[in-house]
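The structure under discussion appears below in the form of structure tokens.
The values are calculated or read from the model by the stated rules, or taken from the named source; none is laboratory data. Note that the structure is predicted; figures quoted are calculated from it, not measured. Quick reminder, even Gly has a Cβ in these numbers, built from the backbone with ideal geometry, and neighbours come from all protein chains shown. Side chains included, ligands, DNA and RNA excluded: accessible areas come from the protein's heavy atoms. Shrake-Rupley method; radii C 1.70, N 1.55, O 1.52, S 1.80 Å.
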Amino acid sequence: MTADFPEYVDVDYDDGEGEEPTEYPSLESKIEKAIEVTRQGLEEYENPAVMWTGGKDSTLTLYFINEVADQFGYEKPTAVFIDHFQHFDEITDFVERWAEAWDIDLVYARNESVGDYVSEQGLEPGDDIPVSALDAHNQHHVRDILEYEEETFPFLLDTYVGNHLLKTVALNDALEDHEIDGVISGVRWDEQEARADETFFSPRHDPDTYPPHDRVHPILQFKEADVWDAFWHYVVPEEAEEFPDEGYIPQAGDDLPEGVEWEDVPISPKYVAGFRSLGSEVSTEKTTDEPAWLQNLEDTTERAGRAQDKEDLMERLRDLGYM
């Protein structure tokens, strides 16, 4: 990482402070801001990358990156996919398909120390992993950073130790390995309380916690419904050749315009099946078979299908580098 970081970066770290989605009253105003932030992110950082989970938010963010890169001649950043070993198969298939379609360089961030032990021992989610089985790097995180004192921890993504090792350590190691200085991420103000105070450009400069870098947040100002509106009125009509230019909102999983298949649409099939938030195959459930964009977005919680012990720890996890 460049020693004088962040001196070569000229961004306003206060941009968006104290704001909320109502500051951007129309979908067009939200998109305009997203393009502005995306363009600055591609321009200011020497080696930016985009975090891509295959979910709607990061996929919309990647769409804006594609549009801005193509229009203004920027090189497309690498997409980093955190492989925590507990993904739905449909999500990895989706990411690889659209990475190829969009000509995106896709890299996987994995905690190999945990992954190798799990593979060698044939473990299943929920099985215990001895802390002593990990390499010194991971033992340092467990003992010295998390101050975890138990001899074992469960191989589960949505726990304090599991989330930190499988996601945050994997991410921070990838940032260091690829010398990434700007992480473009699809977090939103309304998605989770711990993200409500984020700004469009957020510094992460403590070298004792993570490789110094900035977080860039083009879609902070979008609400969940706005994300779906952007897909049906902009993203999908542009990417699916037979889709109506004026947009169309399917009213069921089998309700697509003639000549269009779901594989033509850059929306994860898990949303079509009724999942509203995507986490892991172990700890994320759906409460209805209705496609995500047709569910009651205003009066229900978007992340209700997630394991809540991790949700309750979000603030502490983000202090350690979680998205």
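Okay, here's what the table says:
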| item | result |
| --- | --- |
| Hull-based mean projected area of the range 11-86, where the convex hull spans the alpha carbons, in square nanometres | 6.3 |
| Average projection area in nm² (convex hull over Cα atoms of the range 172-307, one quarter of hull surface) | 10.2 |
| Violating pairs (Cα-Cα greater than 19 angstrom) within the set K33/K270; K56/K286; K30/K223; K56/K223; K30/K56; K76/K270 | K33/K270; K76/K270 |
| Rounded accessible area per residue of the chain, 1.4 Å, Å² | 45 |
| Per residue convex hull volume, Cα atoms of the range 155-208, in Å³ | 116 |
| Point-to-point label distance, E46-D208, nm (Cα→Cβ direction, 7 Å offset) | 2.5 |
| Burial order of peptide ranges 187-199, 269-281 (average beta-carbon count within 10 Å, highest first) | 269-281, 187-199 |
| Calculated [θ] (222 nm, deg cm²/dmol) that DSSP helices of n ≥ 4 give over the chain, each run adding -39,500 (n - 2.57) | -8500 deg cm²/dmol |
| Relative counts (whole %) of C-alpha pair distances in the range 205-268, using bins that are 10 Å wide | 19, 38, 18, 14, 10, 1 |
| Cleavage-rule hits, GluC sites (Glu not before Pro), the range 59-134, DSSP coil, Cβ neighbours within 10 Å at most 16 | E75 |
| Of all accessible heavy-atom area on the range 1-151, the percent that carbon and sulfur account for (1.4 Å) | 39 |
| Antiparallel DSSP beta bridges within the chain, percent to nearest 5 | 35 |
| Binned Cα-Cα distances of the range 107-250, short to long, each 5 Å bin given as a whole percent | 2, 8, 14, 15, 14, 13, 12, 10, 7, 4, 2, 0 |
| Ellipsoid semi-axes in whole angstrom, largest first, where each is sqrt(5λ) of the Cα gyration tensor of the range 1-54 | 25, 15, 10 |
| Area projected by the alpha carbon convex hull of the range 33-128, averaged over all directions, nm² | 7.5 |
| P(r), alpha carbons of the chain - 10 Å bins starting at zero, rounded % | 5, 26, 35, 24, 8, 1 |
